[in-house]
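**Q** First the structure, which I've put down as structure tokens, then a few questions once you've had a look.
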Amino acid sequence: MNTPNYAPTLWQFGPAPLPHALKGLEQYQQQGWLRQLDLAFVRLLQQQGEHNPMVLMLAALASHQVGRGHICLDLNGLKRKPEWVLGLPPQGRAFAAETLPQQWLAPWSLPQLTEALQQSTMVDASDEGSAPLVLSGELLYLRRYYEYEVQVAAAFNARLQQRFELPDDLPQRLANLFDPLKDADERAGTTVHWQSVAAALAARSGVSVISGGPGTGKTTTVVRLLALLQSLALEQQGEEGSGLRIQLAAPTGKAAARLSESLSGTLSAIAAGQVAEIPTAIADLIPANVATLHRLLGARPDSRYFRHNSANPLHLDVLVVDEASMVDLEMMASLLAAVPAKARLILLGDKDQLSSVEAGAVLGDLCQFAHQGRYQADSHGFVYRASGYDLSPWQGPGCDLEQQIVMLRKSHRFGADSGIGQLAAAVNGGDVAAARLQLQRSQGDLAFIGPEPSQFDALVLDGKAKGLTERNGQQSHGYRHYLTLVNQGCGSEQTEAQWQQQVLDAFGQFQLLAAVREGDWGVSGLNQRVASLLLRQGLISDDQGWYAGRPVMVMRNDYSVNLMNGDVGICLPFAADDGQLRVIFPMPDGSLKAVLPSRLSAVETVFAMTVHKSQGSEFTHTALALPDKPNPVLTRELIYTGITRAKRWFSMVISEPDLVASAIETQTERASGMSARLGIVAPTKSQS
């Protein structure tokens, strides 16, 4: 092979030994682009005998991509758009022009890159072997993530082979459960009631996916689906039957608590006779408790392994996982391994939200064409017989898994006059012009303010911004609201637990979100700014350390106190112990957990949190602060996710209006081979 000459001023590889050759990579690491872990991986390969500079460079980039959430390095994309694929701005920021990826990649063709990798003993080109890197077509993987991807795809394909026998009267059962939810057109069959379709498809298979935005009825659908499955199981089991073992889970404590609250409300309404279509005896067999995935699987301290796995599966017949967009590839592999082969797996989530922080966007890979339906004739016929709905407008050459994916399309939360709903739809559709109209609207449930201190302070303190009005008799609040309750203390007519819950509920009325972690408009800068403001207002006693009213988030799993990454609590005086401070955390089962501050080793103040950390949560009033400079994290998915955390009011703090349009036009794409392994292929022009 004719290998290109390396520019010695660039990477200084040439014939030099690797420590000297690493100077170029070290420059990237020192300037914050590559991680120390990426360089450590390169050094490990060198110690194992790899000396080809291009293989070492590509290995560093493959590791770098995992750190950015990708499963692999797309070599074809790397050649075509290196600065975009690698997340390095075209202008290079602090990097000299000659060190940009497009410069050192230019002499190499794609066949030369793949040939160099194929000749390396550090790279396998098949499923067999144990090399640390795997080349699959034009995708370069770290072996661990390659194996996760293969395992997840195989598990989905295996579950698709499982079909459950359904009764002849399924259409009547579905009608009884879902007719009360339908509008006139859905009842007449002139428009599709997607909740009914989702239940029908989920009932027949070992795996199903229900995707939809906020308020589209995912929880409502799953309650009725579980009622259907329990009634069928009891009839099959006879008088001695106890029904299906059902478990519900979510990726974070906040998401688990929110689902549990929603389920509890629905089940309470059934018990009160307000949902006549579901018998109370059946509702009693639907659990309201929701576990985090780590708790469900039995996480082991200081280990990536779980107590439940393929050798020790979970004891359940049905598993429902909410907020599945937050589930990364490694967690999905662990989850699928632990779910019994004969159990149903139902994934719920919004495919358009931000993907998981860790590597992989499994739900996004599965649902990338969900809006098209792509149902085969067999699925179309089954749905028509079961529900009476005609899916011919959504027929297409979808793979087997796509037959089990349903996208809920009608929002019941945001009405036609809802600015939040219209803005979310415009952003999600990439419609910059429509989004700008909403940005100019700034009335009712939307507000857009500049970075001026007076406007920001009014927003944070009292939820005030020009244009915001009362919604359904409720008034917007800021952080003053919950801190007033903290400072008033427990009332004489309350128990301490009731007061603590009241404070927690009041804190959930408002939340400031940030797109980035660092800088004046990042989490660190905003938290200090808000704390200083609250201190000046006399609402908190200090802006450093532990003080009454400090909200904190657990930043990594802490098994010593049984708290998980993402759990949020508030520091409060504990009357039962002479006013000593405790941090009160709401748990997924509805209980409250009190922890001494000294026992919390990894927490951060969360007057502001990142949009990523807010996933799985909802707040009555959400405010999103955008940075004042371009940043690669500003994407359509981030803006959409921030908007859809709001239930009644949404505010945006904008320093540079053009950044909003740029973000809406920028979609996140994560490299993986999952779609191909599942048979999900992009439609041709004629099909689309």
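**Q** Can you confirm whether the range 401-409 contains a residue that is surrounded by fewer than 21 Cβ atoms within 10 Å (Cβ to Cβ), within 30 Å of residue 188 (Cβ to Cβ) and not hydrophobic (A, V, I, L, M, F, W, C)?
**A** yes
**Q** Just to be sure before I move on: is residue 175 open to solvent by less than 40 Å² (accessible area, probe 1.4 Å), small (Gly, Ala, Ser), over 24 Å from residue 332 (Cβ atoms) and assigned to a helix (DSSP H, G or I) in the structure I sent?
**A** yes
**Q** Could you look through the range 638-674, keep only residues that are under 19 Å from residue 326 (Cβ atoms) and of a type in the set (Ser, Thr, Tyr), and pick out the one that is modelled with the lowest pLDDT?
**A** Here the answer is 668.
**Q** Out of all the residues in the range 129-145, which are farther than 18 Å from residue 330 by Cβ, open to solvent by 30 Å² or more (accessible area, probe 1.4 Å) and more than 28 Å from the chain's Cα centre (by Cα)?
**A** 129, 130, 137
**Q** Any residue in the range 549-564 that's surrounded by 15 or more Cβ atoms within 10 Å (Cβ to Cβ) and among the small types (Gly, Ala, Ser): show its pairings with residues that are modelled with pLDDT of 80 or more and part of a strand (DSSP E or B) at Cβ separation under 9 Å, as long as the two are six or more apart or on different chains.
**A** Close Cβ pairs (under 9 Å, with a partner that is modelled with pLDDT of 80 or more and part of a strand (DSSP E or B)) amount to 549/570; 549/571; 549/572.
**Q** Before we move on, is residue 248 under 28 Å from the mean Cα position of the chain (by Cα) and assigned to a helix (DSSP H, G or I)?
**A** no
**Q** Do the conditions hold for residue 386, that is, is it assigned to a helix (DSSP H, G or I), touching a Phe, Trp or Tyr at 6+ places or on another chain (Cβ under 7 Å) and of a type in the set (A, V, I, L, M)?
**A** For residue 386, the condition - assigned to a helix (DSSP H, G or I), touching a Phe, Trp or Tyr at 6+ places or on another chain (Cβ under 7 Å) and of a type in the set (A, V, I, L, M) - is not met.
**Q** Taking the criterion of being open to solvent by 30 Å² or more (accessible area, probe 1.4 Å) and in contact with an Asp or Glu (Cβ under 7 Å, 6 or more places away or on another chain), would at least one residue in the range 371-388 satisfy it?
**A** The answer is yes, given that some residue of the range 371-388 is open to solvent by 30 Å² or more (accessible area, probe 1.4 Å) and in contact with an Asp or Glu (Cβ under 7 Å, 6 or more places away or on another chain).
**Q** Considering only residues that are part of a helix (DSSP H, G or I) and buried (at least 20 other Cβ atoms within 10 Å of the Cβ), which ones fall in the range 513-530? It would help to see each step written out before you state the result.
**A** As a first pass, look at the range 513-530 and keep what is part of a helix (DSSP H, G or I): 523-530.
Passing the criteria: 523, 526, 527, 529, 530.
**Q** Something else about it: From the set of residues in the range 295-332 that are of a type in the set (Ser, Thr, Tyr) and in contact with a helix residue (DSSP H, G or I) (Cβ under 6 Å, 6 or more places away or on another chain), which is surrounded by the fewest Cβ atoms within 10 Å (Cβ to Cβ)?
**A** By that ranking, first place goes to 310.
**Q** Turning to a different aspect of this structure: Mind listing whichever residues of the range 603-627 are under 15 Å from residue 252 (Cβ atoms), at pLDDT below 90 and not polar (S, T, N, Q)?
**A** The answer is 612, 613, 616, 618.
**Q** Do you know which residues across the range 280-299 are free of Cβ contacts under 8 Å to residues at least 24 places away in the same chain and either within 16 Å of residue 327 (Cα to Cα) or not in a helix (DSSP H, G or I) (or both)?
**A** Hits for the range 280-299 are 284, 298.
**Q** Are any residues in the range 337-347 part of a helix (DSSP H, G or I) and open to solvent by less than 10 Å² (accessible area, probe 1.4 Å), and if so, which ones?
**A** 338
**Q** What number of residues within the range 265-281 satisfy the criterion of being buried (at least 17 other Cβ atoms within 10 Å of the Cβ) and either among the hydroxyl-bearing types (Ser, Thr, Tyr) or at pLDDT 90 or above (or both)?
**A** Selection size over the range 265-281: 1.
**Q** Which members of the range 631-688 meet the condition of being in contact with a Cys (Cβ under 8 Å, 6 or more places away or on another chain) and closer than 23 Å to residue 83 by Cβ?
**A** Correct list: 671, 672, 673.
**Q** While we're looking at this one, here's another question. When you check residue 629 against the structure, is it assigned to a helix (DSSP H, G or I), of a type in the set (Lys, Arg) and open to solvent by 10 Å² or more (accessible area, probe 1.4 Å), yes or no?
**A** The answer is no for residue 629.
**Q** Right, next: Residues that are within 25 Å of the chain's Cα centre (by Cα) and closer than 15 Å to residue 648 by Cα: list the helices (runs of 4 or more DSSP H) wholly contained in the range 396-486 that include at least 1 such residues.
**A** Details: elements: 419-428, 432-441, 453-462.
Counting at least 1 such residues, we get 419-428.
**Q** I would also like to ask the following. Residue by residue through the range 492-509, note down the ones that are open to solvent by 30 Å² or more (accessible area, probe 1.4 Å) and either part of a loop (DSSP other than H, G, I, E, B) or modelled with pLDDT of 90 or more (or both).
**A** Residues satisfying the conditions are 492, 493, 494, 495, 498, 501, 502, 505, 509.
The values are calculated or read from the model by the stated rules, or taken from the named source; none is laboratory data. Just so you know, these numbers come straight off a predicted model, no measurement behind them. Every residue, glycine among them, receives a Cβ derived from its backbone with ideal geometry; neighbour counts consider all protein chains shown. Just the protein is used for accessible areas: all its heavy atoms, side chains included, with ligands, DNA and RNA removed. Shrake-Rupley method; radii C 1.70, N 1.55, O 1.52, S 1.80 Å.
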